[in-house]
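Each remark here refers to the structure printed beneath this line.
The values are calculated or read from the model by the stated rules, or taken from the named source; none is laboratory data. On a predicted model such as this, the values are computed, not experimentally measured, just so you know. Here the Cβ is made from the backbone with ideal geometry for all residues, glycine too, and neighbour counts use every protein chain on show. SASA here: full protein model, heavy atoms, side chains in, ligands and nucleic acids out. Shrake-Rupley method; radii C 1.70, N 1.55, O 1.52, S 1.80 Å.
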Amino acid sequence: MTAERLDGKKIAAEIREEIASKVASFTREGNGTPCLAAILVGEDPASQVYVRNKERACEKSGIIGRTFRLPDSTTQDELLTKIEELNQDQSVHGILVQLPLPKKGNDGKGFDERAVLDAVCPLKDVDAFSPVNVGLLMQGRHRFLPCTPHGIVQLLHRYHLATSGKHVVVIGRSDIVGKPMAMMLAQREGSCGADTANATVTLAHSRTTNLKEICRQADILIAAVGVPEMIRGEMIRPGAVVIDVGINRVGDRLVGDVHFDEASEVASAITPVPGGVGPLTIAMLLHNTLLAAELQNQANAS
Ligand code: NAD
């Protein structure tokens, strides 16, 4: 079997077009222009690229993208002050703090990442890290959804790959990808309806024993591990759908967590790396920024 390539780039372009058109209507109706503020602390080269990509994506969708670059020497208090300033700024609708934060501030203490993320106003929390938004997701009445898992749901939906009644194995239990992914697919009703929810979910992680056997039971296998090509062909059930979240640099190549060639021989469909899940993450960030602007608009009107 040669697996169908699930083209995340194409789906992301589709979603971004839809968002651009909604942003244009929102602005035309006199609601102002949605604005995403990104805070970047320090000089991490990968983070600089990510933030620039987000700025560009905003621009193309008609969203204002503002980046606040703070030096490596920024302290926790200074960062919290900046976040509070943006929380209060009515022209800013979404706030994201680019991770990872530098290891040390100039006061000799590291950042308390949890406290920093908790400081973002839940109505502007476009990364969906706030406990309020995580709690709402958990209870099945989501507001913002975390961008990467939401992108995966969109991809499955738009390729008509239903998860309802299927066994989904998610490998990796990070707060950003694995845990919310498992939770979203286990809900009765997802962001794209019941078909891309209602899964029987197994959440595997670094202490899981018999990973190979568990993976082989998956109708849909989602790998978010961060270990290059660790999911081999023999770990995949013939005909399964494979979603590879991993982005790993090996020499001058980017590879996923799945061995693409081996997996393509066994799976029925698979996301490539690059060009799979990655582009969807930014598309869903734009979606959340528009949603944030709509929510704040409603809150101000009432
Ligand atoms: P993380 O490092 O926070 O978590 C990795 C998880 O993998 C942990 O929960 C751990 O328990 C599990 N794990 C580690 N080794 C394992 C093993 N041998 N067997 C089973 N489980 C194991 O990772 P993350 O932030 O979720 O990111 C995972 C990967 O996804 C990384 O490559 C990251 O770059 C990529 N990523 C991609 C996007 C995107 O937009 N495509 C977004 C976020 C993360």
Worksheet item: Just one of Ala128, Ala115 is surrounded by 17 or more Cβ atoms within 10 Å (Cβ to Cβ) and at pLDDT 95 or above; which is it?
Response: Ala128
Practice prompt. Among the residues of segment 162-206, count how many are within 15 Å of Val242 (Cβ to Cβ) and open to solvent by 50 Å² or more (accessible area, probe 1.4 Å).
Written response: 1
Worksheet item: Can you spot a residue in segment 2-15 that is over 30 Å from Ser264 (Cβ atoms), open to solvent by less than 30 Å² (accessible area, probe 1.4 Å) and not basic (Lys, Arg)?
Response: no
Item to complete: Collect the residues in segment 20-78 that are among the small types (Gly, Ala, Ser), closer than 15 Å to Gln98 by Cα and in contact with a Leu (Cβ under 7 Å, 6 or more places away or on another chain), keeping them in residue-number order.
Response: Ala37, Ala38, Ser47, Gly65
Practice prompt. Evaluate segment 66-74: report whether one residue or more is open to solvent by 80 Å² or more (accessible area, probe 1.4 Å), farther than 28 Å from His157 by Cα and not in a loop (DSSP other than H, G, I, E, B).
Written response: yes
Practice prompt. Kindly establish whether Pro45 is free of Cβ contacts under 8 Å to residues at least 24 places away in the same chain, under 29 Å from Asp112 (Cβ atoms) and not assigned by TED's automatic domain parsing to the domain that holds Tyr159.
Written response: yes
Worksheet item: Which ones in segment 215-233 are open to solvent by 40 Å² or more (accessible area, probe 1.4 Å) and more than 21 Å from the chain's Cα centre (by Cα)?
Response: Arg216, Gln217, Asp219, Met230, Arg232
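Here's the yes/no breakdown for (1) away from the ligand (no atom under 14 Å from the Cβ); (2) farther than 30 Å from Ile95 by Cβ; (3) crowded, with 17+ Cβ neighbours inside 10 Å:
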| site | (1), (2), (3) |
| --- | --- |
| Val250 | no, yes, no |
| Arg253 | no, yes, no |
| Ala267 | yes, yes, yes |
| Val277 | no, no, yes |
| Ala283 | no, no, yes |
| Gln298 | yes, no, no |
Item to complete: Please find, among Arg141, Arg188, the residue that is away from the ligand (no atom under 16 Å from the Cβ), more than 14 Å from the chain's Cα centre (by Cα), outside the structural domain of Asp257 (by TED's automatic domain parsing) and assigned to a loop (DSSP other than H, G, I, E, B).
Response: Arg141
Item to complete: Give the residue, chosen from Asp112, Asp118, that is acidic (Asp, Glu) and within 19 Å of the chain's Cα centre (by Cα).
Response: Asp118
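Pick from Leu96, Leu86, Leu101, Leu79: which is assigned to a strand (DSSP E or B) and either not assigned by TED's automatic domain parsing to the domain that holds Ala263 or not aromatic (Phe, Trp, Tyr) (or both)?
Going through Leu96, Leu86, Leu101, Leu79 in turn, just one is assigned to a strand (DSSP E or B) and either not assigned by TED's automatic domain parsing to the domain that holds Ala263 or not aromatic (Phe, Trp, Tyr) (or both): Leu96.
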Fill in: Odd one out for Tyr159, checked against (1) farther than 30 Å from Asp72 by Cα; (2) crowded, with 17+ Cβ neighbours inside 10 Å; (3) among the hydroxyl-bearing types (Ser, Thr, Tyr)
(2)
